[in-house]
Amino acid sequence: RRQHEYILEKGDYVAARNILETFGVESETAPEGFLDMQKRLINGWFGYPLVGTPEQVVDLLLDAQKTGLEGFLLTFLDYNEELDYFGERVLPLMKEAGLRI
């Protein structure tokens, strides 16, 4: 969670604004929602953040499954460190919860 907040704190909001405006989204149209869109772009190109404890991540995946979502593309900030952690701590809980691996 700290890394997630750090990314948002250090994000390039000018670049995010430029990208959004290139897509035709103007900051003046809905200023209250524009900052949220910038944050979602900075956080991973509008991806669905799975941030939290292993149990919280599995709960988020279960919630997504209930909506009909059938798959995820997972990314990590540090694959060398986080991929092993995910395999050791999250995958067993996913299997236990009946999620497709």
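The values are calculated or read from the model by the stated rules, or taken from the named source; none is laboratory data. Remember, predicted model here, so these are calculated numbers, not experimental data. Cβ sites come from the backbone with ideal geometry, for glycine too, and all protein chains shown count toward neighbours.
General observations
- Checked against the criteria, LEU62 does not count as over 14 Å from the mean Cα position of the chain (by Cα) and not assigned by TED's automatic domain parsing to the domain that holds VAL90.
- Subset of the range 80-100 (residues that are touching a helix residue (DSSP H, G or I) at 6+ places or on another chain (Cβ under 8 Å) and of a type in the set (Lys, Arg)): ARG89
- In the range 52-84, the qualifying residues are those that are of a type in the set (Phe, Trp, Tyr) and in a loop (DSSP other than H, G, I, E, B), and the one that is farthest from GLY98 (Cα to Cα) is PHE76.
- Within the range 53-79, the set of residues being among the polar types (S, T, N, Q) and closer than 21 Å to GLU5 by Cα comprises THR53, GLN56, THR75.
- Considering only residues in the range 33-77 that are of a type in the set (Gly, Ala, Ser), surrounded by fewer than 12 Cβ atoms within 10 Å (Cβ to Cβ) and closer than 21 Å to LEU93 by Cα, the one that is modelled with the highest pLDDT turns out to be GLY68.
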